[in-house]
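Here is the structure we will look at.
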Amino acid sequence: GYTNGGAFVDFAADGSAKLRWKAERFNCQFSTPVAHDGHLYGVAGSGGPEMVCYEIATGRERWREDVGLPGARLGRAGLLRIDGSFLCLGAQGTVMWMDLSPKGAKVLSRIQLFRAPETWGVPVVSRGLLYVNQNAMGSRLVCYDLRR
């Protein structure tokens, strides 16, 4: 996530690997990009991350957008695809529901759930419950009910 960017690698049944493409600016640091409908969506960068979209077949960057709060950056973030939308959890506790497509990023809703630096783990959603591991000042697991 600091200097080498990202790559798309094809693996054969025998375990051999072949580099399909490399993108120097696709440096997703804290969350594996999410594949959907022929595109990869991710949070790229380390100092001031941006949401990005890359075409899987070619490695071509489709778009790059800052989706942070007005006057603030999103920070390192985790990204999940849930029930047709994307959930993004920023490093400081910002949660966004997003519509991501090859045309761009649209924030559907945004809430500041908490303020805890270094919330770097990718969140988990199970049965409508959002589980977040907060790292700063020790570690604690927090659960939010998203079912309403």
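The values are calculated or read from the model by the stated rules, or taken from the named source; none is laboratory data. Computed from a predicted structure; not experimentally measured. In this analysis, Cβ positions are derived from the backbone assuming ideal geometry, glycine residues included, and neighbour counts consider all displayed protein chains. Please note that ligands, DNA and RNA were not included when accessible areas were found on the heavy atoms of the full protein model with its side chains. Shrake-Rupley method; radii C 1.70, N 1.55, O 1.52, S 1.80 Å.
So which residues in the stretch 64-85 are at pLDDT 85 or above and surrounded by fewer than 20 Cβ atoms within 10 Å (Cβ to Cβ), if there are any at all? I'd like the intermediate steps shown before the answer.
Start the filter on the stretch 64-85 by keeping residues that are at pLDDT 85 or above, which leaves 64-65, 77-85.
Arg64, Glu65, Leu80, Arg81, Ile82, Asp83, Gly84, Ser85, listed by residue number.
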For the list (1) closer than 12 Å to Gly6 by Cα; (2) in contact with a Lys or Arg (Cβ under 9 Å, 6 or more places away or on another chain); (3) not in a loop (DSSP other than H, G, I, E, B), I need the number of the one condition that Leu40 fails. (2)
Turns out the strands (runs of 3 or more DSSP E) fully within the stretch 62-148 with at least 1 residues that are within 20 Å of Ala35 (Cα to Cα) are 77-82, 85-90, 94-101, 104-112, 124-126
Across the stretch 110-125, the tally of residues that are over 14 Å from Leu74 (Cα atoms) and open to solvent by less than 70 Å² (accessible area, probe 1.4 Å) stands at 4
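Quick one: would you say Ala35 is modelled with pLDDT of 85 or more, surrounded by 11 or more Cβ atoms within 10 Å (Cβ to Cβ) and of a type in the set (A, V, I, L, M)? Lay out the reasoning, then the answer.
Working: modelled with pLDDT of 85 or more: yes; surrounded by 11 or more Cβ atoms within 10 Å (Cβ to Cβ): yes; of a type in the set (A, V, I, L, M): yes.
It is true that Ala35 is modelled with pLDDT of 85 or more, surrounded by 11 or more Cβ atoms within 10 Å (Cβ to Cβ) and of a type in the set (A, V, I, L, M).
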